[in-house]
Each structure stands twice: as C-alpha cells, then as structure tokens.
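The values are calculated or read from the model by the stated rules, or taken from the named source; none is laboratory data. Predicted, not measured: the structure shown is a model, and the values here were computed from it. As a convention, Cβ positions derive from the backbone with ideal geometry for all residues, glycine included, and neighbour counts pool all protein chains shown. In case anyone asks, the SASA skips ligands and DNA or RNA and just uses the protein heavy atoms, side chains included. Shrake-Rupley method; radii C 1.70, N 1.55, O 1.52, S 1.80 Å.
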Amino acid sequence: MFYFDGVLMKIEITIRKAQPDEISWINTQYDQVGFKRSKYDNEFIAIAEVNGRRAALGRLQYVVENEAELGGMYVREEFRGYGLASKIVEFLINNSESYNKVYCLPFSHLESFYKKFGFCVVTSKENIPSSVIDKHYWCNSTYEGETLLFVLNKE
C-alpha cells in the first residue's frame, strides 16, 4: 500500500522470468541507460512488474561453466522506491542454482547494497574469467565513477 496524490493505493509486485518476445523492450531499457544489450539465449532475465506494468529488470548472464554474472539492474524512474532492485537480485540469486560463482560489477555507490546479498569484493583477479575482467575494464572506461568487481561464492 502507498499514497499517490493523497489516495491510499494497493500495489502488486510480481517478479518473473522474461519471455523471448520481450527482448525488444528489454534492450530499449538498456539502450536508454547505456548498458550492454541482452541476448536472450545465454541469459536469465528477470522483469519486475508493478500492477501489471513492466517496471524493472536484471539478468544473470552465463560466463563459463558454473559461473555467471549478475547485472543489468535497472528500475524505471517512475517505479523507484518500491524495493524492486532488491526483489530482482533475490529472484536472480534464487534462480542461480546451476552456478557456483556469480560475479557482479556494481557502481561503487552500490557497494553496501550488493554486500547485503553476500557479494564480496574480488581481492585477486587470478582465476577470474577474462570476459569478466574485460567487462570490468570496459565499465570503468565507459561510465562515470568507479565500477567494482564482486563475487558471490556459492560452493
């Protein structure tokens, strides 16, 4: 429940797996914020809906056997403040059972947000897949502000 223009309204939040026919909407969202586009075939994409409207998204992207990257977290501006990012991260972690490690490349101001889900700062880049190292470099050379390299060890 929340107040909108002084009226108490009920909100219904649903987190679900994206369908292949939603890839255009997904990539339109990512294009708006300068994130890398999704490819449905090697990703598990989550969509949050608020009262039936697509409001936020995130993804688990296959990296190498038993390892994935969590990313692409984006909440549309008009839906911020409902805890959608947390719900998506929880949903993606709960659907990451086939992975022993999940990497994450958050902006530095989100460090405490990801730590509450068990992500830790990578202290050595040894044994980190080159595609994750390359993307970390790309993020730090593309976006303003620092991008961190985190891992969630599930072994």
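Quickly run through the stretch 37-73 and pick out the residues that are in a loop (DSSP other than H, G, I, E, B) and over 20 Å from Gly118 (Cα atoms).
Just the residues of the stretch 37-73 that are in a loop (DSSP other than H, G, I, E, B), to begin with: 37-39, 51-52, 65-66.
Correct list: Arg37, Ser38, Lys39, Asn51, Gly52, Glu65.
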Open to solvent by 40 Å² or more (accessible area, probe 1.4 Å), under 22 Å from Thr28 (Cβ atoms) and basic (Lys, Arg) - does that describe any residue in the stretch 80-97?
-> yes
Residue among Phe117, Phe91 that is among the hydrophobic types (A, V, I, L, M, F, W, C), touching a residue at least 40 places away in the same chain (Cβ under 8 Å) and either under 18 Å from Val151 (Cβ atoms) or assigned to a helix (DSSP H, G or I) (or both) = Phe91
Quick count over the stretch 44-55, residues being open to solvent by less than 10 Å² (accessible area, probe 1.4 Å) and within 11 Å of Ile26 (Cβ to Cβ), is 3
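For the stretch 108-124, state whether one or more residues are touching a Lys or Arg at 6+ places or on another chain (Cβ under 8 Å) and buried (at least 16 other Cβ atoms within 10 Å of the Cβ).
Going residue by residue through the stretch 108-124, those that are touching a Lys or Arg at 6+ places or on another chain (Cβ under 8 Å) are none.
No, every residue in the stretch 108-124 fails to be touching a Lys or Arg at 6+ places or on another chain (Cβ under 8 Å) and buried (at least 16 other Cβ atoms within 10 Å of the Cβ).
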In the stretch 19-43, residues that are open to solvent by 50 Å² or more (accessible area, probe 1.4 Å) and aromatic (Phe, Trp, Tyr) total 1
Would the stretch 62-74 turn up any residue that is crowded, with 18+ Cβ neighbours inside 10 Å, over 12 Å from the mean Cα position of the chain (by Cα), of a type in the set (A, V, I, L, M, F, W, C) and within 18 Å of Phe35 (Cα to Cα)?
-> yes
